[in-house]
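The values are calculated or read from the model by the stated rules, or taken from the named source; none is laboratory data. Computed from a predicted model, the values in this text were never measured in an experiment. In this analysis, Cβ positions are derived from the backbone assuming ideal geometry, glycine residues included, and neighbour counts consider all displayed protein chains. In case anyone asks, the SASA skips ligands and DNA or RNA and just uses the protein heavy atoms, side chains included. Shrake-Rupley method; radii C 1.70, N 1.55, O 1.52, S 1.80 Å.
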Amino acid sequence: MNDTFLRACRGEQTDYTPVWFMRQAGRYLPEYQAIRGKVSFLELCKNPELCTEVTLQPVDIFGFDAAILFSDILIPMEAMGLKLEFHENRGPVFPDPVRTEAAVKQLIVPEPEETVPFVLETIRLLRRALKVPLIGFSGAPFTLATYLIEGGSSKVFLETKRMIYQEPTLYHALLEKITRCTSLYLQAQARAGAQVLQIFDSWAGVLTPYDFERFALPYVQAIIADLRQMTDVPIIYFANNGATLLESCKTSGADVLGLDWRLPLNKAARLAGNHILQGNLDPIALFLPKEELEKRIALILAEGKEAKGHIFNLGHGILPQTPPEQVKIAVEAVHQLSQQA
Ligand code: 1CP
């Protein structure tokens with residue numbers, strides 16, 4: 001068992017800097033495309049054997065130090081009673097957006113073992129197959145709410161912010177339900193065997209720091225406080241585009257803070273205090289020539305030394321256009337350069 005990543009999450013010394021990439025299983029891999037050619041995305045998410053296979057692919061091919069459960073942040077939202085579709089090239093769609101009191105009342109807080117048994121079964125299968133730690137995950141309530149309120153992806157988040165500003169009571173009622181659902185969902189993942197949990201707040205960065213502290217962070221704090229009651233698995237909180245939110249994020253309760261590429265790790269370390277940092281290579285830096293890519297990686301490793309601990313990652317998910325051989329170069333560079341240092 002390679003427990004380097006787990007040790008780094010706990011703030012222990014490691015022989016080298018562990019590395020994994022957000023969205024490391026997925027469309028940039030021909031091995032993933034081969035499976036997706038046969039089943040839809042939702043069918044894939046609900047098939048534990050196939051989910052296990054695509055989770056293992058990047059770990060086997062590139063030697064990542066952690067695996068992340070293959071699923072999607074919106075799977076438990078479907079379990080709340082919503083219709084969810086994935087449209088080719090458009091991403092997730094909720095045909096009936098949640099914008100009224102009646103719609104919020106209709107949502108159920110699902111029992112994970114009953115409604116998403118395939119996720120928990122995937123975790124159990126993976127724990128038997130893996131030689132590196134397994135990361136479970138969820139979306140953060142604010143990020144999840146944007147999909148429900150907008151009816152899918154968004155650029156300006158007008159409907160979400162309109163609800164926050166004009167109907168804060170309704171917004172709070174919705175977020176409370178999503179928070180309860182997410183809390184149970186992550187607890188079930190820990191019980192099934194997830195060894196680390198990451199909360200993705202992909203759209204946190206669209207909020208002002210003032211609104212983030214009132215309308216996003218408290219729900220994350222509640223989930224983490226619930227988790228701390230029942231498990232000691234390390235918790236990673238990733239607030240994307242969150243350089244201006246970092247000081248607030250210190251109070252999330254997470255052990256590790258994920259960072260995008262907009263702030264160097266050494267500066268982040270000064271703001272983040274006693275936290276381990278995860279990040280923060282620009283995903284498009286994977287398109288650099290080998291030597292340049294290695295230079296960027298060396299720089300991030302050097303900057304990361306100023307943090308309490310460092311886990312190497314991208315600053316956001318890997319892009320589908322990324323050449324797999326560049327991923328190989330990056331993982332090897334992190335391992336080698338961090339050993340020398
Ligand atoms: O066509 C396909 O094969 C579907 C593409 C795809 C994949 C491979 C989607 C649709 N989701 C996923 C897997 C996925 N999603 C993982 C797998 C595990 C891994 O990391 O290897 C994870 C962790 C997620 C999480 C996720 N889904 C996030 C948070 C992370 C992030 O990138 O910010 C978000 C925002 C989603 C929503 C989503 N699901 C899929 C798409 C295309 C999107 C984003 C749409 C948008 O931009 O709003």
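Just a few scattered comments:
- Relative contact order [Cα under 8 Å, 6+ residues apart], the range 217-341, whole percent: 23 percent
- Of the trypsin sites (Lys or Arg not before Pro) found in the range 197-270, those in coil by DSSP whose Cβ has at most 16 other Cβ atoms within 10 Å are Lys250, Arg262.
- Arg296 accessible area, assembled protein chains, probe 1.4 Å, Å²: 110 Å²
- The spacing between the range 245-296 and the range 17-66, judged by their C-alpha centroids, is 24 Å.
- Percent of Cα pairs in the chain per distance bin of 10 Å, from zero to the largest separation: 6, 27, 36, 25, 6, 0.
- Rolling a 1.4 Å probe over the protein heavy atoms gives the range 45-172 an accessible area of 43 Å² per residue.
- A simple spin-label model places the labels of Asp211 and Ile284 2.5 nm from each other, with each point 7 Å out along Cα-to-Cβ.
- Computed helical MRE - 222 nm, the chain, DSSP H runs ≥ 4 contributing -39500 (n - 2.57), nearest 500: -14500 deg cm²/dmol
- Heavy-atom surface of the range 186-273, accessible at 1.4 Å and reported per residue (Å²): 36 Å²
- Restraint check, Lys155/Lys177; Lys131/Lys308; Lys155/Lys267; Lys161/Lys328, Cα-Cα greater than 31 Å: Lys161/Lys328
- Contour minus Cα-Cα distance for Lys38 and Phe86 (0.36 nm per residue): 15.7 nm
- Accessible area of Met80 in the full protein assembly, 1.4 Å probe (Å², nearest 10): 0 Å²
- The accessible area of Val93, taken with all protein chains in place and a 1.4 Å probe, comes to roughly 10 Å².
- Legend: calculated FRET efficiency, Gln106 to Lys250, from the Cβ-Cβ distance at R0 = 25 Å, rounded to 0.05, equals 0.10.
- Rounded percent of accessible protein surface that carbon and sulfur make up, the range 4-340, 1.4 Å probe: 50 percent
- Beta bridges by DSSP in the range 4-340, antiparallel share as percent, to the nearest 5: 15 percent
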